[in-house]
1. For 118, 323, what's the fewest-to-most ordering of other Cβ within 10 Å of each Cβ?
2. Ratio of Rg to Rh for the stretch 3-83, alpha carbon only, Kirkwood?
3. Nothing charged except the Cβ atoms of Lys and Arg (+1) and of Asp and Glu (-1): what's the magnitude of the dipole of the stretch 133-214 about its Cα centre? Round to the nearest 20 debye.
4. Quick one: if you stick a label point 7 Å off each Cα along the C-beta vector at residue 146 and residue 55, how many nm between them?
5. Which length gain, in nm to one decimal place, applies between residue 295 and residue 66 when the Cα-Cα distance is subtracted from 0.36 nm times their residue separation?
6. Counting other Cβ atoms within 10 Å, which GluC sites (Glu not before Pro) in the stretch 150-239 have at most 13 and lie in a DSSP loop?
7. Test of understanding: ordering 326, 331, 126 by Cβ neighbours within 10 Å, fewest first, what list do you get?
8. Give me the aspartates and glutamates in straight-line cross-link reach of residue 274: C-alpha distance below 13 Å, same-chain residues under 8 apart excluded.
Amino acid sequence: MKFKAQLIRTGTSERTEVFVSIERKVLRLSNGDSYPIGEVSVGERSGVNSPFFIFLPSGQQLIITENVREFADEFYKHLPFYRKNWLHRFETWGKSLLVSVLVLIAAITFWLTKGSDMAAEWLANRISYDLEYELGKHILSGLSTLGWTVRKPSTSDEKRVEELFYFLSEQAEVKYAHFYVLDKPKIVNAFAIPGGFVVFTSEMIDDYISEEDGLEALGGVAAHELGHIKHRHSLRILIKSALVASIFTILTGDVSIVSLGMAQQLLSLAYTRKQEEEADAYAITLLMKSYLDPEPFIELMQNLKEKYDTDEVPEFLQSHPHMSKRIKKMRQLMEQLKKQDFQE
Ligand SMILES: [Zn+2]
């Protein structure tokens with residue numbers, strides 16, 4: 001292809017019109033001159049369509065003002081990569097750059113949703129129980145920095161729940177199980193921390209122990225938390241939040257997200273609906289295996305569902321909108337297990 005160009009003698013304003021073509025890495029001018037492309041230099045351009053200046057070894061300047069893009073394409077095709085300037089790289093790669101950015105966004109979105117779950121699971125499976133236990137101990141002591149003090153059970157009611165918890169944990173064959181009480185007035189809750197730590201608020205025990213079948217209901221809550229422990233859900237959540245936080249740090253350079261207390265993170269993180277259902281199913285199976293009736297636990301959940309709004313929902317009720325479904329599923333499983341038992 002021939003390109004129209006102005007040839008200027010350096011130091012003068014004398015311009016002549018020439019045609020330029022590039023063949024086999026040689027710049028050929030219609031006036032008969034030719035220059036190997038490696039011997040010319042190119043002026044910096046301010047934009048994709050701005051004129052293309054070429055400084056010839058003869059001291060002359062060549063300016064291409066028409067079909068600049070096409071000329072640039074042709075010109076750079078003959079140049080080794082390292083001599084191409086950023087503007088041309090953008091010209092040729094602009095589209096692929098956009099695609100790369102979109103792919104990156106998709107990858108990050110995937111990472112924040114599915115990918116981090118998968119990575120967390122992969123990592124959780126590689127963390128030893130001893131390490132998980134150490135981690136749990138740190139988190140437990142971290143709770144006190146939030147002004148929450150966990151303690152060993154002290155009242156006779158608390159000790160009854162503790163006894164049932166240890167009975168269930170033996171049936172559950174979990175690696176570690178530790179029962180703690182948290183004094184947090186007006187908060188009815190129970191949660192599991194990595195390393196087998198299960199914490200009940202004293203309010204939770206006080207509220208239900210005096211009810212009919214209250215102890216069995218609390219046993220169900222304990223069984224549900226043991227389900228989270230058995231499946232290492234809290235460990236996975238913690239790893240996931242650390243992974244997501246580190247991705248944010250890489251992207252934004254904001255360390256403050258990471259420096260959030262681990263304990264705080266763990267408590268503010270919700271289990272997935274699937275994890276809750278896993279813990280529910282685990283609880284029903286464990287209770288029945290231990291010859292305990294799951295009904296009081298299901299009723300406790302029903303009762304709390306009616307009592308609480310979406311705010312301040314106890315851990316084991318976190319997937320609140322799906323509570324009815326969860327309760328239904330638990331009942332189904334209970335019936336199914338009863339039938340199996342009958343057949344055996
Ligand atoms: Zn739960």
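Bear in mind these aren't lab numbers, they're just calculated from the coordinates by the rules spelled out. These numbers come from a predicted model, not from an experiment. Cβ atoms come from the backbone with ideal geometry, glycine included; neighbour counts cover every protein chain shown.
1. Listed from fewest to most nearby Cβ atoms, that is 118, 323.
2. Rg divided by Rh gives 0.92.
3. Charge dipole of the stretch 133-214: 520 debye, to the nearest 20.
4. Inter-label distance under the simple model: 6.5 nm.
5. 74.1 nm
6. Filter output for the stretch 150-239: 173, 212.
7. Lowest count first: 126, 331, 326.
8. Those aspartates and glutamates meeting the cut-off are 117.
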